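Step one of this worksheet: look at the structure below.
Values in this text are rule-based calculations from the coordinates and carry no lab data. Keep in mind that this is a model prediction, so the values were computed, not measured. Positions of Cβ are generated from backbone atoms using ideal geometry, with glycine treated the same way; all protein chains shown enter the neighbour counts.
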């Protein structure tokens with residue numbers, strides 16, 4: 001492998017790892033909301049909430065191909081596979097030119113990132129990445145898979161109406177949970193035909209956003225095929241698109257999937273991964 005390809009692979013690994021970290025840290029610190037959401041509206045908007053929530057069926061394990069496209073601060077893409085156990089963990093393996101270049105693993109306690117070309121890895125308490133917010137693994141799974149949720153309570157369900165404010169509009173309607181993420185209100189926008197469009201977290205200096213498209217109905221309910229996530233981390237803008245191939249999903253994760261400390265790898269701080277994106 002020539003030097004240019006090697007450097008690009010290293011850069012890609014750093015970019016993807018930091019993009020995932022940026023996504024997870026998107027809800028870290030924020031201003032306190034000054035007003036509480038209003039009660040859910042009656043009539044057709046309430047019925048739309050019930051219909052959307054009923055489309056979300058429970059799942060326990062997901063094994064699905066994913067394409068990751070980083071457009072900011074660098075433009076790089078890769079394919080891979082994501083393995084998730086509901087409410088327990090997230091494992092993502094990414095490949096470029098058929099070579100596994102990066103892995104990411106998170107559970108309720110820790111987060112691990114592996115940079116394979118340079119034989120380095122990072123490990124830290126997940127609380128340090130999320131700045132001790134109340135975000136859960138279930139919340140993170142819903143964010144990247146495109147499902148509306150209530151922080152710490154899981155995916156929305158028809159019996160959760162009292163926990164949200166739902167308001168109608170000309171072309172869309174919104175769901176704003178009454179609880180907050182680190183003091184910040186967060187709102188889901190849904191089209192009038194029932195397609196989840198976005199999640200916006202109302203922070204003081206910027207608003208982390210997730211845009212969704214292409215819903216797919218599976219045996220475990222509706223998921224989005226496309227998630228576009230944007231946020232800012234340490235003054236840098238990050239925008240990463242996730243494209244899920246639900247036609248190739250498997251609803252089980254092998255017992256061998258998980259984190260193992262790689263032999264012969266050097267441990268580094270999470271902050272060091274940013275250095276490859278500094279130029």
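Roughly how many nanometres apart are two label points built 7 Å out from the Cα toward the Cβ at residue 260 and residue 100?
For residue 260 paired with residue 100, the spin-label model returns 0.9 nm.
Between residue 161 and residue 110, how many nm apart are label points set 7 Å from Cα along the C-beta direction?
My value for the distance between the label points is 4.5 nm.
What nm distance separates the two modelled labels at residue 50 and residue 272, each placed 7 Å from Cα along Cα→Cβ?
Roughly 5.7 nm, to one decimal.
Write down Rg/Rh for the stretch 60-190, rounded to two decimals, with Rg from the C-alpha atoms and Rh from the Kirkwood relation over Cα pairs.
So for the stretch 60-190, dividing Rg by the Kirkwood Rh gives 1.02.
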